[in-house]
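What follows is a set of notes on a single structure, which appears directly below.
The values are calculated or read from the model by the stated rules, or taken from the named source; none is laboratory data. No experiment lies behind these values; they were computed from the predicted model shown. Neighbour counts run over all protein chains shown; Cβ positions are idealised from the backbone, glycine included.
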Amino acid sequence: MRRILVTGGFGQLGQAIYARAGDSSNRYIIATQAELDIRDYASIEKWIINDEIDTIINCAAYTDVEGAEEHPDAAYAINSDALHTLTSVCQAHNVKLIHISTDYVFGGDNQRATPYSEDDATAPINTYGRSKAAGEEAVIQLCDGVVIRTSWLYAPWGKNFVLTMLRLAAQRSEICVVDDQRGTPTSALGLADMLVTLIDSGEVDTMAGIYHYTDDGDCTWCDFARAIMSLAGSDCHITPCSSRERGMKAERPTYSVLDKSRIRAIRGVNIIHWRERLKDVMNIIDRSL
């Protein structure tokens, strides 16, 4: 039986792994950020030894893209500096590390229409992306771990675009949503399914380096918002606007669709279109109301 430690367990992906791992023959141990500080070598080592951990899924991250522009030190402390600590412990104890990263390590521009592969050079254009790219380097260079890049993550819980849109729709008749950024919404439940599959099947043992995983298809944030309203049966009107009009502090890539050919080739990995995944999440939200 494998023993898997999930860091950042209170986040939306950590909760999704907990929800999806119930039928696994392996043991998934969820550690919240309050319980485990991935910047603390001794703390990580204690968890590994006490719980006989052989695999870590690192979901802990500084994910506030706007906040990272104002507090770059905080973003780098969690997304980069802590990864040097985590990789060092994993290497010392022969623990397999799976690290979750982001499409924002790419710059993207409105001239691009080809999904990014794992071999494409990173060129982040905001502090969050730069801090995550630095963390990726630590994982690849220091412990030969696995980096899973994903994008536009959401779940039936936590803080995410879907829940924000539903909350705003209950308060307003119209919402302005940017239509000059194209990527792929990704259900945390789908990502959790994939991670549990890789571990439980043993496929993760032969994996190293960078892999891309998102749901299938792509859209703009405006398209995504309209799909949410349609499924929610809301008459709130979604108005397209530009990123410039929104006055965001952090620049976002206008195109950050990821090519998933590498991970599609792995046995058992099932990638479903984002619209179908959104239906599943919306059904869970509806049942919880």
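Summary table
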{"item": "Which numbered condition residue 168 fails, given (1) touching a helix residue (DSSP H, G or I) at 6+ places or on another chain (Cβ under 8 Å); (2) more than 28 Å from residue 264 (Cα to Cα)", "result": "(1)"}
{"item": "First in region 6-23 and under 17 Å from residue 151 (Cα atoms), second anywhere and of a type outside the set (A, V, I, L, M) and part of a helix (DSSP H, G or I), Cβ under 9 Å, 6 or more apart", "result": "16/190; 16/193"}
{"item": "Matching residues, region 41-93, being among the acidic types (Asp, Glu) and touching a strand residue (DSSP E or B) at 6+ places or on another chain (Cβ under 8 Å)", "result": "51, 52, 54"}
{"item": "Pair list, Cβ < 7 Å and 6+ apart or interchain, from region 213-225 residues that are under 15 Å from residue 236 (Cα atoms) to residues that are assigned to a strand (DSSP E or B)", "result": "222/177; 222/178; 222/238; 222/240; 225/175; 225/177; 225/238"}
{"item": "Residue ranges of helices (runs of 4 or more DSSP H) in region 1-105 with at least 1 members of a type in the set (Lys, Arg) and touching a Cys at 6+ places or on another chain (Cβ under 9 Å)", "result": "none"}
{"item": "Test for residue 132: is it surrounded by 24 or more Cβ atoms within 10 Å (Cβ to Cβ) and closer than 30 Å to residue 3 by Cβ", "result": "yes"}
{"item": "Which numbered condition residue 49 misses (of (1) modelled with pLDDT under 95; (2) more than 18 Å from the chain's Cα centre (by Cα); (3) of a type in the set (Val, Ile, Thr))", "result": "(1)"}
{"item": "Close pairs (9 angstrom Cβ cut-off, 6 or more residues apart or separate chains): closer than 17 Å to residue 5 by Cβ in region 181-207, of a type in the set (Lys, Arg) and not in a strand (DSSP E or B) anywhere", "result": "192/20; 195/20; 196/20; 199/2; 200/2"}
